[in-house]
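One structure below.
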Amino acid sequence: GLKQELFHRHKEAQQCCRPHNLPLLRAAQQREMEAVEQRIREEQRMMDEKIVLELDQKVIDQQSTLEKAGVSGFYITTNPQELTLQMNLLELIRKLQQKQSESENAFP
């Protein structure tokens, strides 16, 4: 939205500009557009970092909850191999629960 607004503002300025000033105006507009694009990239990077930190906290919360519940194989860790193992354990638990639900529904 910000880039669209800037583009339209630049287009209007170019239409009102005298031909001999047009190169200077375009150069200034190019610098302004690059600054806006840099700001957008920085804001996106900060948002991505915030999301990753929130997801990391959710993983820690989940690990802690499952550890406190006594589920074997779960403890707080950031080791990628151990995280993969825990994800696989969760998937196995989910599939077992799904099969159990299906068999309960098949034989009421």
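Are any of the pairs Lys58/Lys95; Lys68/Lys95; Lys11/Lys50 more than 30 Å apart by Cα-Cα distance, and if so, which? Check vs 30 Å cut-off fails for Lys11/Lys50.
Expressed as a fraction of 2.2 N^0.38 Å, the rule-of-thumb size for a compact globular protein of N residues, what is the C-alpha radius of gyration of the chain?
Values: Rg = 27.2 Å, N = 108, 2.2 N^0.38 = 13.0 Å.
Relative to the 2.2 N^0.38 Å estimate, the chain comes out at 2.09.
The gain in end-to-end length when the Met46 to Ala69 segment is fully stretched comes to 4.8 nm, 0.36 nm per residue minus the alpha carbon separation. Note on region 43-97 and region 21-40: Cα centroid distance 44 Å, given to the nearest whole angstrom. Take the Cα of Leu85, step 7 Å toward its Cβ, do the same at Asp61, and the gap between the two points is 2.6 nm.
Provide the per residue accessible area, probe 1.4 Å, for the chain, rounded to a whole number of square angstrom. Don't skip to the end; give the middle numbers.
Working: 9100 Å² over 108 residues.
For the chain, the solvent-accessible area averages 84 Å² per residue.
The values are calculated or read from the model by the stated rules, or taken from the named source; none is laboratory data. As the structure is a prediction and not an experimental result, all values here were calculated from the model. Cβ sites come from the backbone with ideal geometry, for glycine too, and all protein chains shown count toward neighbours. Note: accessible area is taken over every heavy atom of the protein model, side chains too, but ligands, DNA and RNA are not part of it. Shrake-Rupley method; radii C 1.70, N 1.55, O 1.52, S 1.80 Å.
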